[in-house]
Every structure is written in C-alpha cells, then in structure tokens.
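Student: Input: one structure, supplied below.
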Amino acid sequence: SVSLDALESRLRWYVNRFADCRTKNTKDHAILNDTGMKILEDIKLYLMKFLPEYFEITEEQSKQLAEIKEDKTDLLNVRNLGNYNDVKDITTPKKWVDELVNKIPEEYFTVGSKFLDLACKDGLFLSVICERLMSSKSLQEAYPNINTRYNYIVNEQLYGIALSDYSYELASDFLYGDHDKVRNIHRADNNYIARLKNRTVTGSKDNLSLIDYIKINRQYIFNNILKVDFDSKNNKRNKGKQSEDMKFDVIIGNPPYSDDTQRAHGSGGSALYPYFMYLGSELAYYSSMIVPSGWMLQMPSSIKPDVVRNLRQNKRYMELHDFYNSQRVFNGVGISNGVCYYTMDSKEHDTCKHYIYKYNAGDPILVDNMPLYNEDLGVIFRDPCASSIVPKVRERVYKLCR
C-alpha cells in the first residue's frame, strides 16, 4: 500500500540520520552509537510494516508494528532546514530529479563541464548527475579507471551550496561518503539569502541595476562561498573569457520557495525562488529548476518588478512543464497556483514547448506554436484557450472604439 517513492524517501530519511550517530573506534572504523542502533531497529520495523511478506514476524513485533503510522511528513521528506531564518524547503522526489537531469543535453556530460546546485538539500540532483557523468563516453575515455573517474567528477565538476549544517552533511555524505572529505559542497554563510534579496547599494537607498546585481552576486558566490576560479582550458564554453564572465555549464535544482514560515510553499510576499531562477539563468549556459508557478501570473510584493519581468520576457526557455496541481509532483503538498519546471539554454527561441498539466492525471496539453510571454498583458498564459481568446477580444474592442 506504500509507493516505492515514499518507501525510498523514508529509508533515505532514516539513513541520513546516521550522520549524527557515528563514532570512530581505535581502528578508525565507523561504528554506530546507541542512537544509531535504535535507528536500525526502526528501519527493520518499518520494512516489516510495509513489506511483511519478506519477514517472519513475532507476536511482540506485531504489537510494535500496529503502533507505526504512515507519517506523510517523513515520507515526503519535508524538512525545516533550520539555522537559516526559518527557510522551509521541499526535497524533490527522485522521479522528478531524474526528469530534470535527463533533459540536460548530452553535450554537457563531458570533461570540463561544471554543474551547480544553488541550494542543495540532500545532494540528490548532484548524485544523479554524477551517475550520468560516470557513464559518459567522454569521461570514460578520459578516465578509464572507475575510481579515478569518480574522484575527478566529484572534485572538479560538481558543486553545491547547502543552506544548513544538516543539508551540508547530507549532500557531502551522498557524494563523498564522509563529509570530512568534502571539497565542493559548501555551507552558505548567514548572509547568503539576505544578499540575494538585497537590491540596494550599501549605505544607499538606490536599487542596483540587474547587471550590477548579477556581477556582485556572481563574485560573492564564486569567490566567497565556492572559492573557485575556473580553468578555462578545460571548458570550451568559457575558453578565452575573463574570470568575471565565466559561467557554470549547468545550474539545476529545487530552490527554497520562501523564507516565511507562515507561507512556506511559495505564496505571499516572502518569495525567494525568483532570485534563484534569475541567478541560474545568468550564471549558467543551461539552467533548470522546479519552482511554484506563481511567477507567471502574480508579482510577489517583495520581489522587484524588473526581476520577475526579466524572468517572464526571457526568450531562452526551451521547455516549460506547468502543473496546476502541485500534488502531482509533491504528493501531499499543496502549493498555491501549482508548480512548474523549466529548461533554459544560452540561445534565444521564438517559441517554447509549454506543457500544461491541467488535471490530476493524464497527458499534458502542448502549446508550441507561440511565444511563451504575452507582451500585451505582461504575463505567461497558463491556459491555451486564453491565448486564443485575447486576440479576438482585442479585435472586438478595436472595432467598438472606432
């Protein structure tokens, strides 16, 4: 009765807790303390609860199993990341992580490419990208030895910014096996979110231009958090460019939606995700994120109009998958106006493949014969019928005014 996604999520939730339960003995072998052993018992009981056919269950265990409830919060791995202005986040089911990663063109899975998750939680996006890179022909030819190839990928190609100590340990353990050995997963400092939201010059009330905003935040992310300066010799897209103009090849992920605990799912005036969308579009040749769909229609009061206007008018979108019901992506989580994910490259496109998922099941409606953005109304139409009605209304109004 439990879905495989839910089972996997719960098991990952249990396993991730081992990060706080390990000690070292004199032989430097990782062992579990009493809390870790208790978690092992919890895992066994949980498996017995939902996969009873694989176990011989005692009478005492049957009593224990009867008390276990299917807690959707744990199953969905919805966590308060803590220690970070109460930013709340939703980790992404692996099905959708695979979906986004599989849409990245093969040309990016090569030696020298750089991938970044601007707000990684458990490192799943980077882990799936690592799998793709491990099987890449380019990487296999350059690094035939599996261990050498893996070390090159995690040390030279994958980067992540974690918003909490907990997320830092999860992502580090996912990629490196031990967060003491981590190289490219970085814990964001306490100014990270505040800087992304700040559009004013220090000591002034004047707003930064979008160009200056990107320049300042790029330097901050590259130099202060990631502490990287790409060697352009290994990356054809950055070859010959000055360090301040270099970009990541791919930025991907599921950024925090809001820093307001009362509006943790992206609605209201404390939205954060538009800043991450904009940074991704400007700091990478290819970007893809899962975010609330509200940016297409409404303007969160805390977001400067030019930021959202730029996101809507951008012609680099290749695909936009728009889900009216967020529970089709995040089972059990309601998000006002639904959610969407998009793919964006470095080229301008006259049209965008806009997939509209109006219902709780079934195939989407595809609109691919018109620009994504409607200049007259300043929005992105989420309903194909509205797209066809507006020209008729405009023509009718024109005739009435003549």
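Student: So which residues in region 282-341 are hydrophobic (A, V, I, L, M, F, W, C), closer than 20 Å to residue 195 by Cβ and not in a strand (DSSP E or B)? Break it down into steps so the answer makes sense when it comes.
Tutor: To start, the set of residues in region 282-341 that are hydrophobic (A, V, I, L, M, F, W, C) comprises 283-284, 289-291, 295-297, 299, 303, 307-308, 311, 318, 320, 323, 329-330, 333, 335, 339-340.
Among the residues that remain, those that are also closer than 20 Å to residue 195 by Cβ are: 283-284, 289, 291, 303, 307-308, 311.
Across region 282-341, the qualifying residues are 283, 303, 307, 308, 311.
Student: Every residue in region 349-382 that is more than 15 Å from residue 321 (Cβ to Cβ), part of a strand (DSSP E or B) and either open to solvent by 50 Å² or more (accessible area, probe 1.4 Å) or touching a residue at least 24 places away in the same chain (Cβ under 8 Å) (or both), please.
Tutor: Matches in region 349-382: 373, 379.
Student: Also: Checking residue 160 against (1) of a type outside the set (Ser, Thr, Tyr); (2) surrounded by fewer than 24 Cβ atoms within 10 Å (Cβ to Cβ); (3) in contact with an Asp or Glu (Cβ under 9 Å, 6 or more places away or on another chain): exactly one of these is not met. Which one?
Tutor: Only one criterion in (1) of a type outside the set (Ser, Thr, Tyr); (2) surrounded by fewer than 24 Cβ atoms within 10 Å (Cβ to Cβ); (3) in contact with an Asp or Glu (Cβ under 9 Å, 6 or more places away or on another chain) is unmet by residue 160, namely (2).
Student: Okay, next question. Out of the residues in region 116-152 that are open to solvent by 20 Å² or more (accessible area, probe 1.4 Å) and hydrophobic (A, V, I, L, M, F, W, C), state the one that is modelled with the highest pLDDT.
Tutor: Here the answer is 142.
Student: May I pose another question? So the check is Cβ under 9 Å with 6+ separation or different chains; which pairs have a first residue in region 280-295 that's closer than 11 Å to residue 250 by Cα and touching a residue at least 24 places away in the same chain (Cβ under 8 Å) and a second one that's in a strand (DSSP E or B) and acidic (Asp, Glu)?
Tutor: If the second residue must be in a strand (DSSP E or B) and acidic (Asp, Glu), the pairs left are 284/249; 285/249; 286/249; 288/319.
Student: When the residues of region 333-348 are narrowed to those that are in contact with a Lys or Arg (Cβ under 8 Å, 6 or more places away or on another chain) and open to solvent by 50 Å² or more (accessible area, probe 1.4 Å), which ends up farthest from residue 237 (Cα to Cα)? Break it down into steps so the answer makes sense when it comes.
Tutor: The first filter runs over region 333-348 and keeps only residues in contact with a Lys or Arg (Cβ under 8 Å, 6 or more places away or on another chain), leaving 343-348.
Keeping just the survivors that are open to solvent by 50 Å² or more (accessible area, probe 1.4 Å) gives 346-348.
Working: 346: 11, 347: 13, 348: 17 Å.
The extreme case among them is 348.
Student: How many residues are at pLDDT below 90 and open to solvent by 50 Å² or more (accessible area, probe 1.4 Å) when one looks only at region 307-322?
Tutor: Going through region 307-322 one residue at a time, the tally reaches 2.
Student: Follow-up. Which of the residues belonging to region 326-337 are over 12 Å from residue 364 (Cβ atoms) and not hydrophobic (A, V, I, L, M, F, W, C)? Talk me through it step by step, then tell me what you get.
Tutor: First, pick out the residues of region 326-337 that are over 12 Å from residue 364 (Cβ atoms): 326-327, 329-337.
Within region 326-337, 326, 327, 331, 332, 334, 336, 337 qualify.
The values are calculated or read from the model by the stated rules, or taken from the named source; none is laboratory data. The model shown is predicted, which means the values in this text are computed figures rather than measured ones. Every residue, glycine among them, receives a Cβ derived from its backbone with ideal geometry; neighbour counts consider all protein chains shown. For the accessible areas, the whole protein counts, side chains as well, though only heavy atoms, and no ligand, DNA or RNA atoms are used. Shrake-Rupley method; radii C 1.70, N 1.55, O 1.52, S 1.80 Å.
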